[in-house]
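Derivation of every value follows stated rules applied to the coordinates shown; laboratory data play no part. Here the structure is a predicted model, which is why all the values come from computation and not from measurement. Note that we place each Cβ from the backbone using ideal geometry, even for glycine, and neighbour counts take in every protein chain shown.
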Amino acid sequence: MYEQISLLDTQPYNNNFENKPTQKVVVRTDGEVILYSNFFSRQESDHFFHNLYSSVEWKQDKIQIFGKNMPLPRLTAWYGDEGKSYTYSGIEQHPEPWTPLLKSIKSKIEELSEVSFNSVLLNLYRDGKDSVSWHSDDEPELGKNPIIASVSFGATRRFSLKHKISKSRKVDIDLAKGSFLLMKGETQHFWQHQIAKTSKPVQARINLTFRKIY
Ligand SMILES: O=C(O)CCC(=O)C(=O)O
Ligand SMILES: [Mn+2]
């Protein structure tokens with residue numbers, strides 16, 4: 001049937017040289033997912049990580065699971081244009097105003113993706129116990145075919161995609177610092193994604209998903 005694609009990080013980390021930016025289409029049917037590795041340099045990525053880690057108003061929301069109030073296994077924050085509220089997992093998010101740093105990341109992303117985004121959801125995975133479970137970014141306020149631009153700083157974590165109908169179709173990608181993953185077309189109709197917990201020791205990771213709220 002379908003081949004499983006694996007883009008796992010098997011290269012030893014090279015401290016002396018800056019890795020080159022590369023582009024790879026990781027999903028090309030029932031949606032489109034493109035990975036731009038090293039979109040941001042290591043220096044830029046480390047600068048963004050430290051700045052966001054200390055300056056963002058991180059909070060830990062609670063969600064109802066089987067009638068119980070459980071803390072989300074990660075910290076989040078929401079920034080965007082005024083009035084662009086967003087509800088996911090029953091949590092209503094009201095945006096904080098854009099900061100100069102988030103604006104500058106946004107404009108680099110917009111240049112490449114040729115889309116203008118009006119909000120960003122930030123996730124802080126403190127360690128391997130933090131995660132996001134299988135879901136699609138398909139809330140009605142994102143429109144028919146949501147475009148999601150995802151950038152990562154800090155530790156590498158594995159991002160998995162699985163097809164909702166063709167169960168054997170799965171894609172695993174190790175999202176390293178400076179990577180930019182663009183999900184578009186019908187991706188959110190046909191695919192789910194997650195960041196699984198890991199028992200490996202991992203440092204903190206920050207992920208930003210830029211979105212367009214209608
Ligand atoms: O951390 C990631 O790479 C994915 C985050 C995500 O899927 C989300 O916030 O909707
Ligand atoms: Mn998502």
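Go through (1) within 27 Å of Y86 (Cα to Cα); (2) out of contact with any Pro (no Cβ under 8 Å at 6 or more places or on another chain); (3) within 16 Å of ligand 2 (Cβ to nearest atom); (4) of a type in the set (A, V, I, L, M, F, W, C) and name the single condition A204 misses.
Result: A204 fails condition (3) only.
Which of the residues that make up segment 146-174 are more than 15 Å from ligand 2 (Cβ to nearest atom) and out of contact with any His (no Cβ under 7 Å at 6 or more places or on another chain)?
If the condition is that a residue be more than 15 Å from ligand 2 (Cβ to nearest atom) and out of contact with any His (no Cβ under 7 Å at 6 or more places or on another chain), then F153, G154, A155, T156, H163, I165, S166, K167, S168, K170, D172, D174 are the ones that fit.
Considering S119, S179, S166, which residue is under 23 Å from F40 (Cα atoms), more than 10 Å from ligand 1 (Cβ to nearest atom), touching a Phe, Trp or Tyr at 6+ places or on another chain (Cβ under 7 Å) and among the polar types (S, T, N, Q)?
Working: S179 fails: more than 10 Å from ligand 1 (Cβ to nearest atom); S166 fails: under 23 Å from F40 (Cα atoms).
Within the list S119, S179, S166, the selection yields S119.
Which of the residues belonging to segment 117-151 are out of contact with any helix residue (DSSP H, G or I) (no Cβ under 7 Å at 6 or more places or on another chain), assigned to a loop (DSSP other than H, G, I, E, B) and more than 19 Å from D30 (Cβ to Cβ)?
Within segment 117-151, N118, R126, D127, G128, K129, D130, S131, E139 meet the criteria.
Do we find that S199 is within 26 Å of W58 (Cβ to Cβ), within 14 Å of ligand 2 (Cβ to nearest atom) and exposed (fewer than 15 other Cβ atoms within 10 Å of the Cβ) in this structure?
Details: within 26 Å of W58 (Cβ to Cβ): yes; within 14 Å of ligand 2 (Cβ to nearest atom): no; exposed (fewer than 15 other Cβ atoms within 10 Å of the Cβ): yes.
Considered against the rule, which asks whether it is within 26 Å of W58 (Cβ to Cβ), within 14 Å of ligand 2 (Cβ to nearest atom) and exposed (fewer than 15 other Cβ atoms within 10 Å of the Cβ), S199 comes out as no.
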